[in-house]
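Quick notes on the structure that follows.
The values are calculated or read from the model by the stated rules, or taken from the named source; none is laboratory data. Values in this document were obtained by computation on a predicted structure and should not be read as measured data. Note that each Cβ is placed from the backbone with ideal geometry, even for glycine, and that neighbours are counted across all protein chains shown.
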Amino acid sequence: MKKAMRLAGALVFSGAMVAQVAAADVDAIAILTPEEGTDFGWNQQGIDAAQAAADKAGVELIVAQGLGYGDVRPTLRELSEEGADLMIAHASGYNTAAPEIAEETGVPVAIVDAPDARKEGLIGDYTLSGHEGAYLAGVLAANQSRSKTVGIVVSGEPPAWNAQSAAFAQGVHAADPDVKVIYAVIGPAAYSDAAGGKRVTESVIAAGADIIFGQGNGSSFGMLQAVETTKAADGGDVLFIDVIGDKTSIDKGHLLSSVVWDMTPVFTAMIEDLKADEYGTKNYSIGVEDGSVFLLKTPQVDEEAWAAMEKVKDGIVSGEVTVEPVWEATDVRSLMSDVAQ
């Protein structure tokens with residue numbers, strides 16, 4: 001296990017004898033990620049946000065990254081023994097193991113996409129969704145597509161991806177009902193499948209899309225490679241809209257935007273709630289209004305298309321435009337013009 005800033009003078013706990021962390025006694029937090037924090041996406045943004053929140057609160061951060069999607073119980077136990085007062089299980093695949101270890105050790109955990117699993121003082125949930133930003137991305141895509149066909153490629157259908165896919169399609173159709181939206185899934189949990197991301201994205205481009213909205217963690221690198229190496233039906237460039245992070249440093253002129261998530265306010269609120277003895281009493285979210293969700297602007301953006309998006313953004317902030325999240329995959333698919341098999 002890789003660790004950053006190992007806790008000095010760590011508290012050592014022992015199995016079921018552990019008492020729940022006392023209010024105002026938060027010295028260290030930990031975050032566990034399935035992939036390395038170099039993906040410009042979910043894993044990297046999570047680690048960076050945890051670091052920023054820890055720095056703000058004056059606590060230590062322990063990082064366990066590249067753990068995969070298997071059994072993380074041993075890692076959770078080790079982190080609790082190293083003195084973590086909160087363990088952020090940064091993958092929905094950890095939603096069974098993390099609560100079990102929290103019950104066993106008494107160390108609070110944070111899990112994703114499981115709001116009903118919340119337990120006061122012990123289990124918190126952060127079912128995050130950038131759906132408001134995805135709606136804006138759909139508006140941008142509809143106004144900038146030459147072919148009037150755009151694509152959505154996802155590495156799976158977890159609630160966060162579903163909410164963004166639905167909102168993107170809704171934004172597209174609100175801006176231009178005549179724009180076709182093609183929806184394609186790489187696999188049931190193909191989050192790190194870059195080869196699959198490239199293959200599926202190429203097929204969506206072949207079906208006429210000239211803008212791809214991709215959600216994929218590691219598989220998004222394959223999506224980006226596909227738009228860089230495949231021409232649209234009119235012979236022009238294909239553009240890519242990413243999610244969660246910022247890939248401009250590796251872009252070759254095909255990145256149109258990204259629905260960026262800043263999770264720092266979420267993790268900051270968790271630490272504050274632990275200190276106030278209020279942890280596990282509420283769920284955490286992100287949104288456009290407080291700037292924790294925003295669209296990245298690149299040189300590929302058309303200024304008129306961006307202005308149209310900004311007008312809709314103002315409507316979301318003022319409350320004139322409401323974007324409700326759609327969590328279920330079956331409901332998402334019903335919003336699409338075409339579902340690729």
Of the residues that sit in segment 314-323 and are without any contact (Cβ under 8 Å) to a residue 40 or more places away in the chain and part of a helix (DSSP H, G or I), which one is nearest to the chain's Cα centre (by Cα)?
-> Val317
Are there any pairs with C-beta distances below 8 angstrom linking a residue in segment 171-184 that is touching a residue at least 12 places away in the same chain (Cβ under 8 Å) and farther than 11 Å from Ile211 by Cα to a residue that is basic (Lys, Arg) and part of a helix (DSSP H, G or I), with the two at least 6 apart or on different chains, and if so which?
-> Tyr183/Arg333
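Before we move on, is Val243 assigned to a loop (DSSP other than H, G, I, E, B), of a type outside the set (S, T, N, Q) and surrounded by 15 or more Cβ atoms within 10 Å (Cβ to Cβ)?
Values: assigned to a loop (DSSP other than H, G, I, E, B): no; of a type outside the set (S, T, N, Q): yes; surrounded by 15 or more Cβ atoms within 10 Å (Cβ to Cβ): yes.
Considered against the rule, which asks whether it is assigned to a loop (DSSP other than H, G, I, E, B), of a type outside the set (S, T, N, Q) and surrounded by 15 or more Cβ atoms within 10 Å (Cβ to Cβ), Val243 comes out as no.
Listed here are the residues, each with its yes/no results for (1) surrounded by fewer than 24 Cβ atoms within 10 Å (Cβ to Cβ); (2) of a type in the set (Lys, Arg); (3) under 26 Å from Ser129 (Cβ atoms); (4) at pLDDT below 95.
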{"residue": "Gly46", "(1), (2), (3), (4)": "no, no, yes, no"}
{"residue": "Ala50", "(1), (2), (3), (4)": "no, no, yes, no"}
{"residue": "Ala57", "(1), (2), (3), (4)": "yes, no, yes, no"}
{"residue": "Gly66", "(1), (2), (3), (4)": "yes, no, yes, no"}
{"residue": "Tyr69", "(1), (2), (3), (4)": "yes, no, yes, yes"}
{"residue": "Leu76", "(1), (2), (3), (4)": "no, no, yes, no"}
{"residue": "Glu81", "(1), (2), (3), (4)": "yes, no, no, no"}
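The rows are residues; the columns are (1) assigned by TED's automatic domain parsing to the domain that holds Trp161; (2) charged (D, E, K, R); (3) not in a helix (DSSP H, G or I).
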site: Phe221; (1), (2), (3): yes, no, no
site: Glu228; (1), (2), (3): yes, yes, no
site: Gly235; (1), (2), (3): yes, no, yes
site: Leu256; (1), (2), (3): yes, no, yes
site: Met270; (1), (2), (3): no, no, no
site: Tyr279; (1), (2), (3): no, no, yes
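Can you name every residue in segment 202-229 that is among the hydroxyl-bearing types (Ser, Thr, Tyr) and buried (at least 19 other Cβ atoms within 10 Å of the Cβ)?
At the first step, the residues of segment 202-229 found to be among the hydroxyl-bearing types (Ser, Thr, Tyr) are 203, 219-220, 229.
Within segment 202-229, Ser219, Ser220 meet the criteria.
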Restrict the check to segment 324-337 and report whether at least one residue is in contact (Cβ under 8 Å) with a residue 24 or more places away in the chain, β-branched (Val, Ile, Thr), assigned to a loop (DSSP other than H, G, I, E, B) and more than 30 Å from Gly58 (Cα to Cα).
-> yes
Among the listed residues Lys252, Lys297, Lys311, which satisfies the condition of being closer than 29 Å to Ala209 by Cα, assigned to a loop (DSSP other than H, G, I, E, B), of a type outside the set (A, V, I, L, M, F, W, C) and more than 22 Å from the chain's Cα centre (by Cα)?
-> Lys252
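Does segment 83-116 hold any residues that are among the aliphatic types (A, V, I, L, M), within 18 Å of Leu274 (Cα to Cα) and at pLDDT 95 or above, and which are they? Lay out the reasoning, then the answer.
Let us first name the residues in segment 83-116 that are among the aliphatic types (A, V, I, L, M), namely 84, 86-89, 91, 97-98, 101-102, 107, 109-112, 114.
Keeping just the survivors that are within 18 Å of Leu274 (Cα to Cα) gives 84, 86-89, 98, 101-102, 107, 109-112.
Hits for segment 83-116 are Ala84, Leu86, Met87, Ile88, Ala89, Ala98, Ile101, Ala102, Val107, Val109, Ala110, Ile111.
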Return the total of residues in segment 206-219 being part of a loop (DSSP other than H, G, I, E, B) and farther than 15 Å from Ile244 by Cα.
-> 4
Taking segment 151-191 and keeping only residues that are touching a His at 6+ places or on another chain (Cβ under 9 Å) and among the hydrophobic types (A, V, I, L, M, F, W, C), one is left with Ala160, Ala163, Ala166, Ala167, Phe168, Val179, Val181
